[in-house]
Amino acid sequence: MVTNAACSRAIAAHLTAPQEDEVYNVQPEPPQLSVLGTEVADITVIMVGGNDIRFAEIFNECVLAEADCTSAPGFVSRALAAAKALPGKLAEAYRQVASASPGSVVLVPAYPQLLGNETSGCGRISSSEAVFARNLTVALNSSIREAARSASAGGRTVHFIPDTAGSLAGHGACDPQPFVHTVRPTALMGTAQNPGKAQELLHPTATGYRDLTKALTQWLDTHPAAKKATE
């Protein structure tokens, strides 16, 4: 059985605190760790950090705004600094997950490169913005790796999964056959008809999530110690 406790726009703090909804004005989501308290999990997968560096704001500046976001004074350096400052916060989040689900193997996948290998841009993304997006993902994943290593101290089974970073290679948002919801003009126009679709932009499609999951399970197959702990 698979339990999905993921929440759109959630940050690390929402593991232990309710998540208020400022967009649709609905009831707050309960702390995500409250779900783990009712389940006995063999594996717990957590991907967090993107919203802690304000992905939505970066998206608005780099995709929805007409100006190239990398030309704004300090924009790139602030975003990279936010990503590099995450290890302490993320390590604590991973420790909280491990404590809330004793005996569970905690897997921490790297964020995929959403634009694939493309650095020339596409749609509303300029070439400099594409390079920035790749560098930001590398910085974010570096912090996640460091945090997972720190959280694994003391006998906790916390594993960083680097393979997922390239799981969309050849099928990024700027590739001919994307497994990511693209930001080309037709996709952006579609969000005007259905605002809820805006949250899907620059997120994997169902096929993309399947490839991401495949990379994760293949990593498990090649790391017997981690896999054995789940059996």
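The values are calculated or read from the model by the stated rules, or taken from the named source; none is laboratory data. Computed from a prediction, not measured in an experiment: that's the story for all the values here. Here the Cβ positions follow ideal geometry from the backbone for every residue, glycine too, while neighbour counts run over all protein chains shown.
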Pairing a residue in the range 160-183 that is at positive phi and surrounded by fewer than 22 Cβ atoms within 10 Å (Cβ to Cβ) with any residue that is at pLDDT below 90 and not in a helix (DSSP H, G or I), where Cβ atoms lie under 7 Å and the two sit 6 or more apart in sequence or on different chains, gives GLY170/GLY116
Residue in the range 1-42 that is modelled with the lowest pLDDT, counting only those that are in contact with a Leu (Cβ under 6 Å, 6 or more places away or on another chain) and outside any loop (DSSP other than H, G, I, E, B)
LEU33
Hey, SER143 hits all of (1) touching a residue at least 24 places away in the same chain (Cβ under 8 Å); (2) within 24 Å of THR205 (Cβ to Cβ) but one; which does it fall short on?
(2)
Output yes when any residue across the range 162-185 is at pLDDT below 90 and part of a helix (DSSP H, G or I), and no when none is.
yes
If we keep just the residues of the range 89-137 that are within 22 Å of THR213 (Cβ to Cβ) and of a type in the set (Val, Ile, Thr), which is surrounded by the fewest Cβ atoms within 10 Å (Cβ to Cβ)?
THR137
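Please find, within the range 56-88, the residue that is modelled with the highest pLDDT out of those that are part of a loop (DSSP other than H, G, I, E, B) and exposed (fewer than 12 other Cβ atoms within 10 Å of the Cβ).
Here is the first cut: in the range 56-88, the residues part of a loop (DSSP other than H, G, I, E, B) are 65-68, 72-74, 85-86.
With the extra rule that they be exposed (fewer than 12 other Cβ atoms within 10 Å of the Cβ), the set shrinks to 66-67, 73-74.
Values: GLU66: 84, ALA67: 91, PRO73: 91, GLY74: 94.
Of everything passing the filter in the range 56-88, GLY74 is modelled with the highest pLDDT.
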One residue from ALA148, ALA133, ALA153 being out of contact with any Cys (no Cβ under 7 Å at 6 or more places or on another chain), in a helix (DSSP H, G or I) and free of Cβ contacts under 8 Å to residues at least 60 places away in the same chain:
ALA148
Scanning the range 46-55 residue by residue, those surrounded by 18 or more Cβ atoms within 10 Å (Cβ to Cβ) and not in a helix (DSSP H, G or I) turn out to be ILE46, VAL48, GLY49, GLY50
Just checking, how many residues over the range 89-130 are assigned to a helix (DSSP H, G or I) and within 27 Å of ILE43 (Cα to Cα)?
12
So how many residues does the range 77-102 have that are without any contact (Cβ under 8 Å) to a residue 40 or more places away in the chain, over 16 Å from PHE55 (Cβ atoms) and of a type in the set (Gly, Ala, Ser)?
2
Hey, among ALA147, ALA153, which residue is aliphatic (A, V, I, L, M) and modelled with pLDDT under 90?
ALA153
Residue hits (the range 134-155; out of contact with any Pro (no Cβ under 7 Å at 6 or more places or on another chain), of a type in the set (Gly, Ala, Ser) and farther than 15 Å from SER77 by Cβ) are SER142, ALA148, ALA151, SER152, ALA153, GLY154, GLY155
Take the residues in the range 192-222 that are of a type in the set (Asp, Glu) and within 16 Å of TYR111 (Cα to Cα), then tell me which one is modelled with the highest pLDDT.
ASP211
